[in-house]
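The values are calculated or read from the model by the stated rules, or taken from the named source; none is laboratory data. Only a predicted model underlies this, so the values are computations on that prediction, with no experimental measurement involved. Backbone-built Cβ (ideal geometry, glycine too); neighbour counts: all protein chains shown. These area figures cover heavy atoms from the full protein model, side chains too; ligands, DNA and RNA do not enter into them. Shrake-Rupley method; radii C 1.70, N 1.55, O 1.52, S 1.80 Å.
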Amino acid sequence: MSESVIRDSGQAVAPEAMTPLERIAYQLNWVLERICAALAAFMVLIIWYGVVERYLIQAGGAWTEELSRFVMIWLALLAVPCAAFYREHIGLELFLGRLSVRQRKPVILVLDLISIAFFVYLTYYGILLTMEGTTAYATIFSMNMVIPFASVPVSSAFAAFQFFVAMVRMQRQMAAQPASGGAA
């Protein structure tokens, strides 16, 4: 871990300067980014194979569409915690940019707490959904839907954790900034 991480304030931080919680979040993000890259590559290969199978070989197997859909769902949902790690999620930047640093602190804290609560809620109900997946079947593969449905609670739990670490990191950074009255 010799590379540095860019924090929200733009300053690079060596992994040695991270808190233990930030180090765990960094390592989790490192793994998730590589899983997402592998899933994206796998999805492209599946789709290309499906094109070759359908138009060149003219076999017409529909399993490639179903499998690429499951891979895409996992990819999209596992990308959420990666975005949360870098705080690259949907935010209210236009609104926040008009507030002073002192005014931003409670707004950002509330938004982060809402995000964490949402992903904890999604984790809980995602677990229930996954348990129901034992009775739902993907007919093309003759398998139950536990693995596709598990993408929801797994990614939500990771996202809740990454939002929590990002919230702690951001609050610490804002506490270190002078409480000037400008909209900077």
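Within the chain, the longest run free of GluC sites (Glu not before Pro) that sit in a DSSP loop with at most 16 other Cβ atoms within 10 Å is 89-184.
Residue ranges 158-164, 35-41 sort as 158-164, 35-41 when ordered by packing (mean number of other C-beta atoms within 10 Å per residue, highest first). The angle separating the long axis of helix 151-176 from the principal Cα axis of greatest extent in the chain is about 10 degrees.
Each residue of region 27-37 was assigned a 3J(HN,Hα) from its phi angle through the Karplus expression (A = 6.51, B = -1.76, C = 1.60, θ = phi - 60°), giving 5, 4, 5, 4, 5, 5, 4, 6, 5, 4, 5 Hz with x at Gly and Pro.
Close amide-amide hydrogen proximity is noted between residue 143 and 138, each under 5 Å apart and 5 or more residues distant or on a separate chain (H modeled in the peptide plane; Pro and chain starts excluded).
On a per residue basis, region 27-153 carries 63 Å² of accessible surface, using protein heavy atoms and a 1.4 Å probe. When the Cα positions of 71, 173, 89 are compared along the charge dipole of region 35-184, 173 comes out farthest toward the positive end, with charges on each C-beta of Lys, Arg, Asp and Glu.
Would you work out the relative contact order for the chain, in percent, from Cα pairs under 8 angstrom that are 6 or more residues apart? So the answer I get is 26 percent. Each Lys and Arg contributes +1 and each Asp and Glu -1, all at the Cβ; summed about the Cα centre of region 77-120, the dipole is approximately 240 debye. Taking only the C-alpha atoms of the chain, Rg followed by Dmax gives 20.5, 68 Å. Over the chain, dividing the summed -39,500 (n - 2.57) contributions of all DSSP H runs of at least 4 residues by the number of residues returns a 222 nm mean residue ellipticity of -22500 deg cm²/dmol. Expressed as a whole percent, the accessible area of the chain that falls on carbon and sulfur atoms is 70 (1.4 Å probe).
In a fully extended conformation the segment linking residue 136 and residue 86 would gain 14.4 nm over its present Cα-Cα distance, using 0.36 nm per residue. Taking the Cβ of residue 147 as the centre, find all other residues whose Cβ is under 14 Å away and add up their charges (Lys, Arg: +1; Asp, Glu: -1). Local charge sum for residue 147: -1.
Remark: the chain carries a charge dipole of roughly 620 debye about the Cα centre, counting +1 on each Lys and Arg Cβ and -1 on each Asp and Glu Cβ.
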